[in-house]
Amino acid sequence: MLIYLDQNHASRMAKHRLGQRGHEAFGELYLALKGRVLAPPSPFHVLETLFPIRGPQEKAGYLLPALQDLFSELSQGYWVRPWQEVAVRQARGLSREDFLWRGGSWEAPADLSPFQGLPEALRGLPYREALEAALKEIRARTGLKEVPFVRLLAELLARMASDLDRRPRPSDLLDAVMAATVYPYVDLLLTDRYLRGLLPGKSVGGRRREVEALVQRFREGVDSSP
């Protein structure tokens, strides 16, 4: 089974491994996943570890050794390719060979610069209008055709932008690009509550009861899809 641990899940597993309290459920999840799944790191993990953008945080990079150890045990040496490479390869269809590789590095963060300013430009537009504007901008800024990455990224940005009841977060763009990259390929995306709501089909959030239920399913050896 191929799963993706977003930074929320991965960092809480790493914190548990460092002996920090309050992350015991994620420690149990790590034990339940080990030897049962393939969970690769990605350039998004590198970006969030070395250049945290989710607000006030501890010293950037302090979790790096623990994350490296964590993924060395779960990744089988694989990495998620940079989003640019994944998206370009989608023109010929979806294949995990175009998603995974062994060329990743903890010194190569994801580059979100092509999309800077896009969430702000869409903010407040009705969903359909935001979707069309996002599709147009993403294609123009990247030169990509309307491959699954482009379509999903536009949908996520449009839903975020048109939700006036929610305050935008600094990490919204990163979350949207990450999800657009990995979601078409993985069996399970372990993410936060908000993204789980946007992508309910094969996502699990980070609430304790969700994590504990997932641990139980893996321990019982049953289908671990949500």
Assuming R0 = 35 Å, can you tell me the calculated FRET efficiency for the pair F51 and R128, based on Cβ-Cβ distance, to the nearest 0.05?
0.55
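Using the crude model of +1 on Lys and Arg Cβ and -1 on Asp and Glu Cβ, and no other charge, please compute the dipole size for the chain relative to its Cα centre, in debye to 20. Don't skip to the answer; put the middle values down first.
Details: 32 positive and 28 negative charges, 41 e Å.
That gives the chain a dipole magnitude of about 200 debye.
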Rank these by accessible area, largest first, 1.4 Å probe: W79, W101.
W101, W79
Taking the simple approach of a point 7 Å from Cα along Cα-to-Cβ for both Q116 and L94, what is their distance in nm?
3.2 nm
Please work out the C-alpha center-to-center distance from the range 107-143 to the range 155-211 and express it in whole Å.
16 Å
Dipole in debye (nearest 20) - the range 115-226, about Cα centre, beta carbon charges: Lys, Arg +1; Asp, Glu -1:
100 debye
Within the accessible area of the chain, what % is carbon and sulfur when the probe is 1.4 Å and the other protein chains stay in place?
49 percent
Among P114, P82, S42, pick out the residue whose Cα is farthest towards the positive end of the charge dipole of the chain, where Lys and Arg carry +1 and Asp and Glu carry -1 on C-beta, about the Cα centre.
S42
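Would you mind counting up the charge near L190? Only other residues with Cβ under 15 Å from its Cβ, with Lys and Arg at +1 and Asp and Glu at -1.
Working: positive: R12, K34, R36, R193, R196, K202, R207, R208, R209, R217; negative: D6, E28, E48, D175, D187, D192, E210, E212.
So the environment of L190 carries a net charge of +2.
The values are calculated or read from the model by the stated rules, or taken from the named source; none is laboratory data. Predicted model, so just to flag it, every value in this text is computed and none were measured. Here Cβ is always computed from backbone atoms with ideal geometry, including for glycine, and neighbour counts include all displayed protein chains. Quick note on the areas: whole protein, heavy atoms, side chains included, nothing else; ligands and nucleic acids left out. Shrake-Rupley method; radii C 1.70, N 1.55, O 1.52, S 1.80 Å.
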